[in-house]
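S.K.: Let me begin by handing over the structure; questions about it come next.
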Amino acid sequence: MPRRVFYRISDRPDGLFDAITTIEPDTEIRRDGFGSLAEAEEWVDGLRILMAALGAPVAQESGSASPASETTPEDALRSGQLRTAR
């Protein structure tokens, strides 16, 4: 069964950005010191491509919930929370 992957991007007081990735159940990977938010988001895009090849969806971690309670797009579709454009 593929593991779910969550990420968050945090800004630092020195103006740089960090990308923190959590792979369920308990693995955390950090990539620190991006010069801009765009660079951090580009790295996350690469992470999405890599994890898609492994069958592991990547979702943004919400600020108020833990990764275990995050709703994936697949879960949202099943529960009717996510609407598709027509």
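S.K.: If you take the residues of segment 1-31 that are among the acidic types (D, E) and more than 15 Å from the chain's Cα centre (by Cα), which of them is surrounded by the most Cβ atoms within 10 Å (Cβ to Cβ)? Please lay out each step first, then the result.
M.R.: Quick first cut of segment 1-31, residues among the acidic types (D, E) only: 11, 14, 18, 24, 26, 28.
From the residues that got through so far, the ones that are more than 15 Å from the chain's Cα centre (by Cα) too are 11, 14.
Working: D11: 12, D14: 6.
By that ranking, first place goes to D11.
S.K.: So which residues in segment 45-84 are surrounded by 10 or more Cβ atoms within 10 Å (Cβ to Cβ), at pLDDT below 50 and either in a helix (DSSP H, G or I) or under 11 Å from the mean Cα position of the chain (by Cα) (or both), if there are any at all?
M.R.: Residues satisfying the conditions are P67, A68, E70, T72, P73, E74, D75, A76, L77, R78.
S.K.: In addition: Give me the pairs: first residue in segment 29-40 and more than 10 Å from S10 (Cβ to Cβ), second residue open to solvent by 70 Å² or more (accessible area, probe 1.4 Å) and at pLDDT 95 or above, beta-carbon distance under 7 Å, and six or more apart or on different chains, which are they?
M.R.: R31/W43; F34/W43
The values are calculated or read from the model by the stated rules, or taken from the named source; none is laboratory data. Since the structure is predicted, the reported quantities are computational estimates derived from the model, not experimental observations. Neighbour counts are summed over all protein chains in view; Cβ atoms, including those assigned to glycine, are modelled from backbone coordinates with ideal geometry. To get the accessible areas, we keep the full protein, side chains included, count just its heavy atoms, and leave off ligands, DNA and RNA. Shrake-Rupley method; radii C 1.70, N 1.55, O 1.52, S 1.80 Å.
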